[in-house]
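Colleague: Below you'll find the structure I mean.
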Amino acid sequence: MKRTDITFEETEIRLVSVNTLIVGSGAAALAAAVNLHDLGQEDLAIVTERWGGGTSNNAGSDKQTYYKLSLAGDAADSPLQMAEDLFNGGSMHGDIALCEAQNSARAFLNLVNLGVPFPHDSHGGFVGYRTDHDQRGRATSAGPRTSQMMFTALAAAIGKRGLEVFDSCQVISLLTEPEGASVRVIGALALDLAASETGTSPYVLFNAPNIILGTGGPGGIYEASVYPESQIGSTGLALEAGAVAQNLTESQFGLASISFRWNLSGSYQQVIPRYFSTDADGGDEHEFLNAFFPNPGRLATAIFLKGYEWPFDPRKVRDHGSSLIDLLVYRERVMKGRRVFLDYRRNPTGPAGSGEFTLDVLAPEAKEYLERSGSVQETPIDRLRKMNPPAIQLYLDNAIDLAEEPLEIAVCAQHNNGGLRGDVWWESNVRHLFPVGEVNGTHGVRRPGGSALNAGQVGALRAAQYISRRYAGEPPAGEAFLTSAGPKLSELLSVARRFTGPAGDDPLEVKTTAREIRQRMSRVGAHIRNPDGIDQSVEDAWRLCDDLRERLRVESTADLPSAFRNLDLGLTHAVYLEAIAEYLARGGRSRGSFLVLDRAGELPCEGLEDVWRFLVEEEGSFVDGHILEVQLDQGGRARREWVDIRPVPREDPWFEQVWEAWRNDDVIR
Ligand SMILES: Cc1cc2nc3c(=O)[nH]c(=O)nc-3n(C[C@H](O)[C@H](O)[C@H](O)COP(=O)(O)OP(=O)(O)OC[C@H]3O[C@@H](n4cnc5c(N)ncnc54)[C@H](O)[C@@H]3O)c2cc1C
């Protein structure tokens, strides 16, 4: 790595030249750095806006799951079977599914060797359990904070290897140059977030022929979000550089607490808390679910099932299913403007005149579960105390006492199955740019719980293998790089000068524009989607993007990071809405984790307004058989394209042939 100081258009800039720049410090980015180093490419650097920020180190759940190939006892499994199961989630390319399956054991055992405490039995078997969308019990967990433990182990490995980290540094643009009919990435411009304290220029310019982008999911585009607050995402960087995105319509949404962001799955629902809503000031308390369930038994069973049917699923709305609750929570909060709470101090009452709640009214499956867990106490909090005391402690650690106060909730965005498109080595269509982790959208409609963490580790390994084998050269000399990067750099500096320059008649503020983006996404781009009005939302989103470039103003250079952040959020939300609008225009119906309102459909349950009619997407439909890609054209507007889904490759590999290809260096290509 070489560092020099340069002056460009009278601006002081630190120039860093390095073979590979890794953006982000989540589990995927750090795994990429460790793998790359271990594969022999030592000229690398990590740049991250906050070491320890992001989802991996700050999110978790009741039992945070890691999905991997079965590795214990006589569990029948194979990489091909695992690939088929991933593929069958819908809208996932089969060759990518095969890579995720084929490399699953290697990536998982790498984490074990780095010290992540995944439990095994006395003979060394990593015994699995069944997670959602999983028939084979491939899931494992190191506890409620599996991804944090992954971060910790990988961070220690980075430290041991003495790898260079540019902390508190926010990448604001990826720099590219044409390569044939395509483009390739050549570097990145970042802002040093500590520069205002040290009184230095904030600009750090990376001359890096390879970039691994591990910037995580787009947590910052939603108002109702269970992504940690430190996870905002930077998908817009890659979109602006010309990267193709796919399956942006597919995310996971579910119930979470909002003052302390945590998803309310597992035992938080299995102990059957009471749901109620209030007006904005906390008055007019009302058990809003009662009007839509026939009796306390059906209501309490639906709440119980929410425990392991956590993400909203339109197929589980009918017949008083568990996802009817998410829909009613949204109706209460977003349509009626009320606040919704979970109460662990009291049992749900159920509809008037339909009998009392007791454990005897539960469906047998729920009752047996509670009995076998010994959680048969009088109140939800006592049942939770028996079933999972750390679940209470977790909230106490965050100044919320579930025994004393209700917990405010919303249906929140949690994970993006879609994202940027990569090939089997996780390289995007922008050559030398490798999105890994959640920013790379390998999954489609449904994915087994825990497969996000597997995908992140596998992608990190694949990108590292490819870069170390094929893209190992030195970065170009500084002058040559500046010749290519100069025009974009000049444009970025002029945008920055405009942001800090004199305000025109009608300046825009970071805070209000960020709020507008988030409110729009949570209203029209989350788990409830309405074909009426979506085109208007897309238009509003693009108008905001244009306005942001021209009219956004901040007080000083110290505020530039949030200004550029807003540009990224604006672009990201506009492109996500484009994808949603295209899906709806194609007649796409409810699937995955979202419900499409449809006047020709059925009512989710009796008593709901007509506007809630919906239909579930059918197998074999156009949207079911294709993957939607979105890419910005030269003019910065979205090009939408439906592509065929590639099947799982059915090869019959022969060792001697593979060995020959390996010896001839024909494999990593
Ligand atoms: C509540 C919750 C529960 C979950 N449970 C599970 C589960 O049980 N199983 C499962 O498989 N998945 C789960 N997930 C999803 C999974 O945790 C994430 O997909 C995964 O941790 C993402 O890892 P990552 O490395 O891609 O990104 P992250 O860990 O989010 O890291 C992104 C990094 O990029 C940095 N960054 C972003 N933009 C920039 C920029 N412009 N410049 C510099 N740095 C930048 C951030 O600071 C951060 O360091 C859950 C997610 C949530 C929110």
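The values are calculated or read from the model by the stated rules, or taken from the named source; none is laboratory data. Just so we're clear, the structure is a prediction, and the values are computed from it rather than from any experiment. Heads up, the Cβs are rebuilt from the backbone with ideal geometry, glycines too, and the neighbour counts pull from every protein chain shown.
Colleague: From the list Leu30, Leu39, exactly one residue is within 15 Å of Ala463 (Cα to Cα) and more than 16 Å from the ligand (Cβ to nearest atom). Which is it?
Modeller: Criteria check complete, one pass: Leu39.
Colleague: So, one more: Does the stretch 549-559 contain at least one residue that is under 25 Å from the mean Cα position of the chain (by Cα), in a helix (DSSP H, G or I) and of a type in the set (A, V, I, L, M, F, W, C)?
Modeller: No, there is no match, as no residue in the stretch 549-559 is under 25 Å from the mean Cα position of the chain (by Cα), in a helix (DSSP H, G or I) and of a type in the set (A, V, I, L, M, F, W, C).
Colleague: Identify, please: which residue in the stretch 33-80 is of a type outside the set (Asp, Glu), farther than 20 Å from Gly159 by Cα and out of contact with any Gly (no Cβ under 9 Å at 6 or more places or on another chain) and is, among those, surrounded by the fewest Cβ atoms within 10 Å (Cβ to Cβ)?
Modeller: Checked the stretch 33-80; the qualifying residue surrounded by the fewest Cβ atoms within 10 Å (Cβ to Cβ) is Ala76.
Colleague: Given the conditions (1) assigned by TED's automatic domain parsing to the domain that holds Val611; (2) in a helix (DSSP H, G or I), report the number of the one that Ala496 does not fulfil.
Modeller: Result: Ala496 fails condition (1) only.
Colleague: Which ones in the stretch 226-258 are polar (S, T, N, Q) and either more than 9 Å from the ligand (Cβ to nearest atom) or out of contact with any Asp or Glu (no Cβ under 6 Å at 6 or more places or on another chain) (or both)?
Modeller: Ser230, Gln231, Thr235, Gln246, Asn247, Thr249, Ser251, Gln252, Ser257
Colleague: Within the stretch 125-174, can you find the residues that are more than 14 Å from the ligand (Cβ to nearest atom), touching a residue at least 40 places away in the same chain (Cβ under 8 Å) and of a type outside the set (Lys, Arg)?
Modeller: Gly125, Phe126, Val127, Gln135, Gly137, Ala156, Ala157, Leu163, Glu164
Colleague: Assuming Phe312 fulfils every condition listed in (1) under 25 Å from Ile381 (Cβ atoms); (2) surrounded by 24 or more Cβ atoms within 10 Å (Cβ to Cβ) apart from one, which condition is it?
Modeller: (1)
Colleague: Oh, and also: Among the candidates Glu197, Glu177, Glu223, single out the residue that is without any contact (Cβ under 8 Å) to a residue 24 or more places away in the chain, away from the ligand (no atom under 11 Å from the Cβ) and either not small (Gly, Ala, Ser) or not in a loop (DSSP other than H, G, I, E, B) (or both).
Modeller: Checking each option against the conditions leaves just Glu197.
Colleague: Tally the residues that are touching a strand residue (DSSP E or B) at 6+ places or on another chain (Cβ under 7 Å) and more than 22 Å from Asp326 (Cβ to Cβ), restricting the search to the stretch 609-638.
Modeller: 9
Colleague: Given the structure, is Phe206 aromatic (Phe, Trp, Tyr) and either surrounded by fewer than 23 Cβ atoms within 10 Å (Cβ to Cβ) or outside the structural domain of Trp425 (by TED's automatic domain parsing) (or both)?
Modeller: Criteria not met by Phe206.
Colleague: Next up: Can you go through Val623, Val648, Val658 and tell me which one is in a helix (DSSP H, G or I) and in contact with a helix residue (DSSP H, G or I) (Cβ under 7 Å, 6 or more places away or on another chain)?
Modeller: Of the residues listed, the single one that is in a helix (DSSP H, G or I) and in contact with a helix residue (DSSP H, G or I) (Cβ under 7 Å, 6 or more places away or on another chain) is Val623.
Colleague: Can Leu384 be described as outside the structural domain of His527 (by TED's automatic domain parsing), under 16 Å from Leu264 (Cβ atoms), touching a strand residue (DSSP E or B) at 6+ places or on another chain (Cβ under 8 Å) and touching a residue at least 12 places away in the same chain (Cβ under 8 Å)?
Modeller: Judged against the criteria, Leu384 is not a match.
Colleague: Can you report the number of residues in the stretch 409-468 which are on the phi > 0 side of the Ramachandran plot and out of contact with any strand residue (DSSP E or B) (no Cβ under 7 Å at 6 or more places or on another chain)?
Modeller: 1
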